[in-house]
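A short worksheet on the structure shown next.
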Amino acid sequence: MHSKFYNEAIFHITLRPQGPLLIKSGSEGGASVNPTLPDMNFVRTYRPDLGEVVYIPGSSLRGVLRSHAEKLVRSVNLDEACDPFLRANDENEYGLKPACLRGKDKSEGKEKIDGVRAYRESCYICRIFGNMEVAGRLKINDFYPRNGNPTTEVRYGVAIDRVTGSVAHGPFDMEVVTDGEFSGTITLRNFTLGQLGLVGAALCDMADGFVRLGYGKARGLGQVDFIFEKLEIRYLRKKEKAARSIISEILSEVVGENNKVYGIETLCDADTAKEFALPPAREGLELPGGSASPSGSFILLTGDEDGTRKLLEAAAPLWVEEVQR
């Protein structure tokens, strides 16, 4: 599935905290060396153009998105969202599926499982986010400040012992971001329309405040707003003197230069679709306000914030169909 390029969706996103936000740094012990530092520091990095700034790691956002996507899929089909902490012989009272492919390569005396088999035997979530045998197709960059360094402040807390009613830990202080904007990109490659819909549903739930980010969610921290600045969809563009290519022939038939978004189930040939157990080919979804134009070896389809939202809302029901197949 990774050996060919079929389609790619690039979300250009601005993330704006709607309240205090804390992504804790791993070096919290710095407060013992420098008493001026809070006990819980916001994660920082150095950028040549910005200097030392707070930022939101892509791994922090990716973990939250995967966790919420797993909850959505398990609400429809438990077998399509594995539990990465369960092994094949582990018992669980919730009926969750054990981690995809864990231990199968060693038990069969192989160093690596064939790519086609690994994809087919992976659950719906692992096909998007990846596992130990299948690389993920969702890439999330770090989100850096957009207009200067965001506003931070120090807040104080204390942990109470529920038995004695006395202070169990603290008081402690934590550094939170209260205002600012972070910009970054989320890229999904070789996707079905259902997979695009699931990622979009998770992003929209976070944008609507149903999913929080970072530390202290129970304390009211972590509510953020997503602004879909721009969505770019890329397909391969057929050239006049190109060698025979099934991908190019299919793309020339279904894509052209219109404002519709097509999944890999429509763009690949029938043999590939059968080999990877893809859903049936379906009509493309229109990107409202989108415009298509040739760009080098690609056909580029671009949409604005309103069009991106409408596209994701149209694609959201399709993941339910795919996990119920």
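The condition of being part of a loop (DSSP other than H, G, I, E, B) and of a type in the set (F, W, Y) holds for only one of Y215, Y144, Y119, that being Y215. Counting only helices (runs of 4 or more DSSP H) that sit completely within region 255-325, those holding 1 or more residues that are within 16 Å of V199 (Cβ to Cβ) correspond to 264-267, 305-323.
For every residue, the table says whether it meets (1) free of Cβ contacts under 8 Å to residues at least 60 places away in the same chain; (2) assigned to a helix (DSSP H, G or I).
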site	(1), (2)
S60	no, yes
G63	yes, yes
A69	no, yes
V73	no, yes
F85	yes, no
E91	yes, no
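Could you tell me whether any residue of region 275-297 is at pLDDT 90 or above and within 20 Å of the chain's Cα centre (by Cα)? No, there is no match, as no residue in region 275-297 is at pLDDT 90 or above and within 20 Å of the chain's Cα centre (by Cα). Annotation: of all residues in region 67-87 being of a type in the set (G, A, S) and either surrounded by 16 or more Cβ atoms within 10 Å (Cβ to Cβ) or in contact with a His (Cβ under 9 Å, 6 or more places away or on another chain) (or both), the one that is farthest from L318 (Cα to Cα) is A81. One residue stands out among those in region 119-136 that are free of Cβ contacts under 8 Å to residues at least 60 places away in the same chain and surrounded by fewer than 19 Cβ atoms within 10 Å (Cβ to Cβ): the one that is nearest to T187 (Cα to Cα), which is G136. Total residues in region 193-212 satisfying the condition of being buried (at least 24 other Cβ atoms within 10 Å of the Cβ) and part of a loop (DSSP other than H, G, I, E, B): the figure is 0. Screening A9 against (1) modelled with pLDDT of 80 or more; (2) in contact with a Leu (Cβ under 6 Å, 6 or more places away or on another chain); (3) surrounded by fewer than 20 Cβ atoms within 10 Å (Cβ to Cβ) leaves a single unmet condition, (3). Is it true that G222 is at positive phi and either at pLDDT below 90 or assigned to a loop (DSSP other than H, G, I, E, B) (or both)? Answer is yes for this residue. The number of residues in region 137-158 being surrounded by fewer than 18 Cβ atoms within 10 Å (Cβ to Cβ) and closer than 30 Å to A81 by Cα comes to 3. Filtering region 191-239 to residues that are among the aliphatic types (A, V, I, L, M), in contact with a strand residue (DSSP E or B) (Cβ under 7 Å, 6 or more places away or on another chain) and farther than 24 Å from P279 by Cβ leaves M206, A207, L213, L221, V224, I227. Is it fair to say N77 is at pLDDT below 75, among the polar types (S, T, N, Q) and more than 27 Å from S25 (Cα to Cα)? Criteria not met by N77. Among the residues of region 88-99, those that are loosely packed, with under 11 Cβ neighbours inside 10 Å and not hydroxyl-bearing (S, T, Y) comprise N89, E91, E93, G95.
Residues that are crowded, with 17+ Cβ neighbours inside 10 Å and closer than 13 Å to Q18 by Cβ occur in region 168-178; there is at least one.
Scanning region 181-214 for residues that are of a type in the set (F, W, Y) and over 18 Å from R66 (Cβ atoms) yields a single hit, F182.
Residue-wise test of (1) aliphatic (A, V, I, L, M); (2) surrounded by fewer than 16 Cβ atoms within 10 Å (Cβ to Cβ); (3) in contact (Cβ under 8 Å) with a residue 24 or more places away in the chain; (4) in contact with a Cys (Cβ under 9 Å, 6 or more places away or on another chain).
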{"site": "N259", "(1), (2), (3), (4)": "no, no, yes, no"}
{"site": "G263", "(1), (2), (3), (4)": "no, no, yes, no"}
{"site": "D269", "(1), (2), (3), (4)": "no, yes, no, no"}
{"site": "A273", "(1), (2), (3), (4)": "yes, no, no, no"}
{"site": "L278", "(1), (2), (3), (4)": "yes, no, yes, yes"}
{"site": "E283", "(1), (2), (3), (4)": "no, yes, no, no"}
{"site": "F298", "(1), (2), (3), (4)": "no, no, yes, no"}
{"site": "T308", "(1), (2), (3), (4)": "no, no, yes, no"}
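The values are calculated or read from the model by the stated rules, or taken from the named source; none is laboratory data. Here the structure is a predicted model, which means the values were calculated and not measured. Here the Cβ is made from the backbone with ideal geometry for all residues, glycine too, and neighbour counts use every protein chain on show.
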